[in-house]
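Take a look at the structure below.
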Amino acid sequence: MHSPIDLHSHSNCSDGCLSPDRLVARAVDCGVAMLALTDHDTTDGLPAAQQAASDHGLCLVPGVELSVNWGKQPLHIVGLGFDAASPAIQDAIDRNTAEREERAGRIARRLEKAGIPESLAGAQGEAGEGAPGRMHFARYLVNTGVVARHQDAFRRYLGRGKPAAVASHWIDLETGVAAIRAAGGVAVFAHPLRYGMTRTRCREAVAAFAADGGEAIEVVGGTDGPNDRSAAMALARRQGLLASLGSDFHDPEFPWRDLGWLKPLPQEAAPVWDRLDPAIAEHARAVLA
Ligand code: MN
Ligand code: MN
Ligand code: MN
């Protein structure tokens, strides 16, 4: 169940709990030799993560997790191995950051109507210098005793169909994939089975992603059920996509989703690192040997 490669993780530059350098240190402790930091709509953590990776002898893959809209359906697209200084990727990030800030105001107004005042300042406090997302609202609701656990915050207030659920207007799928490609990166369809879409709808979303230039899909994730790997592999096969794997680590308090806690890719999968920088691809093959 353990993988030396983990290509999906979050730091406190988005909604993770650890600073980039502590995240890298934990990855090393967990036996991860190659890590992608993929914060939501920010690359701010990459310089500190790279510094820590150099200090620890870990191979850091530059990453990001872009929120996009496919029609009204929100999706997450991970970008790997891009140039973070590229104006294309930073423009996409800027647009989503503006939307995240506006959305936070909408969520706070809904929470206020539900009897919970001042959540915007609370969520902003949890987010630090970043834009407040739903996870920050969830932590605020836990810390103020409104709910016991962050899952309850989603179940009662923030999740789909609940009082503080709001529509999001992210960049569209095509724009997100194009931004990653323009920055020299590989676009990865994140956690395909976690959107609550029907299987048919999910196949359509992955087909649209591939038509827009998406090249890879997460076949192995940190919270997979027993049949998820084969279902995700079927989606990869159908569109001829490369395969990625990542824990989606956020918080040491969620031990079921720890760094590197992953099944291996299926034998038949073509791994995404073969499309990354040749030095990274070689490193990946070496740590798996
Ligand atoms: Mn998150
Ligand atoms: Mn995600
Ligand atoms: Mn994620």
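The numbers here are math on the coordinates, done by the rules we state, and not lab data. All values reported here derive from a predicted model rather than from experimental measurement. Here Cβ is always computed from backbone atoms with ideal geometry, including for glycine, and neighbour counts include all displayed protein chains.
Which number do you get for Rg(Cα) / (2.2 N^0.38 Å) in segment 10-100?
1.10
For segment 120-198, which trypsin sites (Lys or Arg not before Pro) are in a loop by DSSP, counting at most 11 other Cβ atoms within 10 Å?
Arg160
Would you work out which of Phe209, Val287, Pro266 lies farthest towards the positive end of the dipole of segment 204-289? Charges go on Cβ: Lys and Arg +1, Asp and Glu -1.
Pro266
Projecting each Cα onto the charge dipole of segment 104-158 (Lys/Arg +1, Asp/Glu -1 at the beta carbon, about the Cα centre), which of Ala153, Pro132, Ala104 comes out farthest on the positive side?
Ala153
Which value in nm describes the separation of the simple spin-label points at Ala207 and Asp91, placed 7 Å from the Cα toward the beta carbon?
3.0
Which peptide among 84-90, 10-16 comes first, and what is the full order, when sorted by highest mean count of other Cβ atoms within 10 Å?
10-16, 84-90
Calculate the dipole size of the chain relative to its Cα centre from +1 charges on Lys and Arg beta carbons and -1 charges on Asp and Glu beta carbons; express the result in debye to the nearest 20.
Dipole of the chain, to the nearest 20 debye: 1320 debye.
Any idea how far the Cα center of segment 190-211 sits from the one of segment 221-238, in Å?
12
Over segment 104-158, what is the relative contact order in whole percent, taking alpha-carbon pairs under 8 Å and six or more residues apart?
24
Just for the Cα atoms in the chain, what are the lengths along the principal axes, largest first, rounded to whole Å?
55, 43, 40 Å, listed from the longest principal axis down.
Quickly work out the His2-to-Asp274 label distance, labels modelled 7 Å from Cα along the C-beta direction, and quote it in nm with one decimal.
Here the answer is 2.7 nm between the modelled labels.
How many angstrom separate the Cα center of segment 22-57 from the Cα center of segment 82-131?
Each part reduced to its Cα centre gives a spacing of 23 Å.
In deg cm²/dmol and to the nearest 500, what is the mean residue ellipticity at 222 nm of the chain if only DSSP H runs of at least 4 residues count, each as -39500 (n - 2.57), divided by the residue total?
-12500 deg cm²/dmol
Arg160 to Trp256: extension gain in nm, 0.36 nm per residue of separation minus the Cα-Cα distance?
Using 0.36 nm per residue and subtracting the Cα-Cα distance, I get 32.3 nm.
Which value in Å does the Kirkwood hydrodynamic radius of segment 104-158 take, with 1/r averaged over all unlike C-alpha pairs and then inverted?
10.7
Looking at the square roots a ≥ b ≥ c of the eigenvalues of the Cα gyration tensor of segment 6-63, which shape do they give, rounded for a/c under 1.5, prolate if a/b is larger than b/c, or oblate?
prolate
Output the peptides 37-47, 204-214 sorted from most to least packed, where packing is the average of other Cβ atoms within 10 Å over each peptide's residues.
Descending mean neighbour count gives 37-47, 204-214.
For Arg237 and Gln267, compute 0.36 nm times the residue count separating them, minus their Cα-Cα distance, and round to one decimal in nm.
9.6 nm
What residues of segment 92-129 lie in the reach of a label at Thr144, counting those whose backbone N is under 16 Å from a point 7 Å from the Cα along Cα→Cβ?
Answer for this model: 104-128.
Along the principal axes of its C-alpha atoms, what lengths does segment 183-267 span, in descending order and rounded to whole Å?
Each principal axis gives a Cα extent; for segment 183-267 these are 38, 32, 26 Å.
Output needed for segment 94-201: three equivalent-ellipsoid semi-axes, defined as square roots of 5 times the C-alpha gyration tensor eigenvalues, in descending order, whole Å.
28, 17, 12
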